[in-house]
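Read the structure below first, then the notes.
Nothing in this text is a laboratory measurement; each read-out follows from the coordinates by a stated rule. Since we're looking at a predicted model, the values are computed, not measured. Glycine gets a Cβ as well: all are built from the backbone with ideal geometry, and neighbour counts include every protein chain shown.
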C-alpha cells in the first residue's frame, strides 16, 4: 500500500495522502493519462475481498452455502475469471453468459442457467456440460428432456417458482415507478411458475430418467433494501418444498437458490434515488436469510440442503469506478452550473431506468472543500444527467471526475446512442494494469451496418 489512506470507499478503492483517488496502488488520474477517458477501472483485489466476505457472512449462519455471481451484472470475461478464481459459481442468463462462465473456468456444477424463454442452443450447452437448468415453463422441461435424450445425458433441472408473497402486500418498493412488493412480484414479473405448474414440472422430472430434479429457485430482486423481503421469500419457498416432499413420495431438494436482490450500502448514496445509503450490510441480510431458513426447515421436518445465493449488484458495484474528463463548464444566470463530462448515460443506464445515484468525486482532490452544487451532464442529445446538485470542488476543463460503484450493470448495459463509442476497461492488480476491454472506435460502432448498393447510385 502506498502511503496512509485518508478515506476508503471500499477496501481497495481509496484516497491517498495527496487527496488522489487510487484503485489498489494505482493513481486514477495517471490511468486516464495512459488510457484516456471515459475509462472503467476494476479492482481485482476488491472482487476477491467481496467474494470472501459474502462467503463468510452466509456460511456463519449456514455453512453449506455457495455464492454464485450474477453474471448479468458484469459479463466481462476477465471479471468473471477473477470471480471464478475467488471461488464464486455463476448465475448465467442466456447463451452468451453461459458461454462466458464456461470459457472462464467456472465449474459446471457451480453454474445455473436462468431465463424465461430459453433457446435450444443454450439448453443444449447446459445439458452437455452438466449445468443445472432452472425451468421457467412446463414446455421448457419437455425441450430439456428431449435434448438430454439426444445427448444421452441426465439433465439437472430445478423449477423457478412464482411465489405469492402475500406477506409483503403492504410493503412499498422504492423504485421510480413504485409498487407494492407482493403484488409487484405477482403481476409485474414474467418469471417463474405458479404452484400447479411447479408441481406438474416436478412430477414430470422425477418420473423421467432423462431428468434429475435437484432444487428450487426463486429470485425476488431488489424492490427495496428491507431484509424482511428475504425472510418472506424463504418462509414461502420452504412451504413449497415441504408440499413437494409430500406430493412426490419424499423427494427433497439438493439445494435451495434464493437468487439476489441484496442492496449495497453506501454512505455517500447509491441505488434508486440514493436510497441505499441506509441499506444494511450483507451480514444483516445473511443473518436474516440463514436464520429463517434453518428455523423453517426444522419446523417442516426437512433436511438442510445446500444454499445458493446469486448476488450481482451487491457484490460487484464497488469493484470499479468510471473515470471521465471535464469539458465545457456552463453557468446560466447565476442559477445553475452544468459540468459537462465525456461520460454519458450510455454508460450508467440505471440513472435512466432506476433513477440510480452514483457518488462523484474529483479524482485529484477528493476531499477538497466544495463549491456551490453543480449538475453533472454528458454529451448526449438528451438531458443526460449523471448527477444533479452535486457538491464538488471547483472544476475546469481537463479535470478528472470519478463515478463510484460502477462495477455492476454499467459496462454490461452500455449503449451507443448518438453513435458514441464505448470506453475501455482496465483491470488493476496492485500496480499492474491490463486492458480487458478495448476502447471502441467509430468504425466499430457502424461496422455491422450496411448501406445497400442500390442506395449508392
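Determine, from the Cβ-Cβ distance of residue 299 and residue 4 and an R0 of 45 Å, the FRET efficiency 1/(1 + (r/R0)^6), rounded to the nearest 0.05. For residue 299 and residue 4, the calculated efficiency is 0.30.
Would you please classify the overall shape of segment 349-457 from the alpha carbon gyration tensor, given that a ≥ b ≥ c denote the square roots of the eigenvalues, rounded means a/c under 1.5, and beyond that prolate means a/b larger than b/c while oblate covers the rest?
On the way: a/c = 2.31, a/b = 1.62, b/c = 1.43.
It is prolate, given that a/c is not under 1.5 and a/b is the larger ratio.
For the chain, the longest principal axis of the alpha carbon atoms and the long axis of helix 138-151 meet at an angle near 80°.
Available extension along the chain between residue 431 and residue 251 is 59.6 nm, counting 0.36 nm per residue and deducting the alpha carbon span. Look at the Cα gyration tensor of segment 76-221: its axes a ≥ b ≥ c give a/c of at least 1.5 with a/b at or below b/c, and that counts as oblate. Here, P(r) means the percent of Cα pairs in each 10 Å bin from 0 to the largest distance; for segment 220-316 it is 16, 44, 25, 12, 3, 0.
Any idea what angle helix 195-207 forms with the longest principal axis of the chain, computed on alpha-carbon atoms, 0 to 90 degrees, nearest 10? Once rounded, one gets 60 degrees. Quick one: angle between helix 282-299 and the longest Cα principal axis of the chain, in degrees between 0 and 90, rounded to 10, please. Helix 282-299 sits at roughly 10 degrees to that axis.
Roughly how far apart, in whole Å, are the Cα centres of segment 250-289 and segment 200-240? Segment 250-289 and segment 200-240 have Cα centres spaced 17 Å from each other. Across segment 337-409, Cα pairs under 8 Å and at least six residues apart give a relative contact order of 40 percent. Estimated from helices alone, the mean residue ellipticity of the chain at 222 nm is -9000 deg cm²/dmol (sum of -39500 (n - 2.57) over DSSP H runs with n ≥ 4, per residue). From the coordinates of this entry, Rg and Dmax of the Cα atoms in Å is computed, and it appears in [x] 23.2, 82; [y] 23.4, 77; [z] 24.1, 89 under the label [y].
When only alpha carbons are used to place a centre, segment 144-193 and segment 324-356 end up 36 Å from one another.
Using the Cα gyration tensor of segment 1-140, with a ≥ b ≥ c the square roots of its eigenvalues, what is the shape: rounded (a/c below 1.5), prolate (a/b larger than b/c) or oblate (neither)?
Numbers: a/c = 3.26, a/b = 1.90, b/c = 1.71.
Prolate is the answer for segment 1-140, as a/c is 1.5 or above and a/b outweighs b/c.
Here the Kirkwood formula puts the hydrodynamic radius of segment 250-395 at 18.2 Å, using every distinct Cα pair.
Find how many whole Å separate the alpha carbon centroid of segment 379-403 from the alpha carbon centroid of segment 3-23. Cα centroid of segment 3-23 versus Cα centroid of segment 379-403: 21 Å apart. Full extension of the chain segment joining residue 33 with residue 336 gains 106.1 nm, where the gain is 0.36 nm per residue of separation less the Cα-Cα distance.
Report the extension gain between residue 195 and residue 169 in nm, rounded to one decimal, defined as 0.36 nm multiplied by the number of residues separating them, less their alpha carbon distance. Please report the intermediate quantities before stating the final value.
Details: separation 26, 0.36 × 26 = 9.36 nm, distance 1.86 nm.
My answer for the length gained is 7.5 nm.
Short-range pairs are left out: with C-alpha atoms under 8 Å and at least six residues apart, the relative contact order of the chain is 18 percent. Note on segment 115-311: the C-alpha convex hull projects to 11.4 nm² when averaged across all orientations.
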